Every structure is written in C-alpha cells, then in structure tokens.
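First up is the structure itself, then whatever we jot down about it.
Each reported figure results from applying straightforward, stated rules to the coordinates on display, with no laboratory input. All values reported here derive from a predicted model rather than from experimental measurement.
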Amino acid sequence: MKKCMKKRWGNLIKWLNFTQRRKGFYAKSAKILKNFINLLLLKLLTMTENEISYAIIGIAMELHKNIGAGLLESAYENALVYDLREKGFEVKQQVAMPFVYKEVKQDIGYRIDILVENKVLIEIKSVENLAPVHFSQTLTYLKLSGMKLGLLINFNNKLLKHGIHRIVNDL
C-alpha cells in the first residue's frame, strides 16, 4: 500500500505545494488539505493488524452481499483480492510458504491464500461446514510465517458473519 498511496497522492501534494505559494483563500485551503492528506497517509501506512482485519471484514461482507454464496473458493479469492487492491491495500495472492524442519528448508507446496500488508493472513474457504482442520491449518500458517493475525473466511454461508473467524498467534 505504501508505494501505491505515495504514487496516487504524489501529484496532488505537488499541486498543493504550488497552490500554497499563492496568497489568500486558496493558499489556506491548500495548506489545510495538505495537512489532512499527510495525516491520512500516515494513518494508512501505520495500520495495526486489528485495523486491517476490520477493513478486510467489511470488504468481504460487501463482496458476499453482492455475489452471495455457492461459488468456488478461487472466485471469492480473486474478487476479494481485487476489492482489497481497489481500497489501496498491498495484497499478495497464493504466497508460497516453505516448511523448515531441523534447519532444512523444504518446499512442500504450502500456500497462503491472501496476505494483506504483510501483516494479516487470509484463508478462503467455500465449504458447507468448517472442520477443525481448517482452523488448525490457519493457525499453523500463522506460526510458520511468524504473523500474528489470520482470518478464516467461509463464503458458503447465508450470512457471512457466521463464516468469519479471527485466529491469533500471540497478538
């Protein structure tokens, strides 16, 4: 998100710097707007895991409201990634995660579905009922990656709020 936000707001900040050099109402307005944008960027660049997860849940609920239940996991995953990127988040999809055992790195094929801002892991499911192994898998991914917060989201529910589970690893 850092690169994306700086790029998007860079031209506006340049224009505000130019406008600020003038006198009168526009200069004062430009200064206020520039300060607001800088505060907004600072907030976006320093979001905590909890703030990021709150935003993710809202985006996922809006997605589910628009397309409903019954699609494949890959459809929900791609749509969620698209929506997260539209909101300005740095998102990685299908991130390979090596398994390290006794200091030997083994590429077994574990993959994190979605990684947001390198802070929150998202595991997407579209199954009738989540099994205990789904919770264990997400917690294991958190431990192996060293991250603190994961979301296990099952989109195959009439109401998505019943399919969202926060899983923490020493948060």
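Here the Karplus curve 6.51 cos²θ - 1.76 cosθ + 1.60, taken at θ = phi - 60°, turns the phi angles of the stretch 55-69 into couplings of 5, 4, 4, x, 5, 5, 5, 5, 4, 5, 5, 6, 10, x, 9 Hz, with x standing for Gly and Pro. Is the shape of the stretch 32-171 best called rounded, prolate or oblate, per the rule: a/c under 1.5 gives rounded, else a/b larger than b/c gives prolate, else oblate, with a ≥ b ≥ c the square roots of the Cα gyration tensor eigenvalues? Oblate, because a/c is 1.5 or more while a/b does not exceed b/c.
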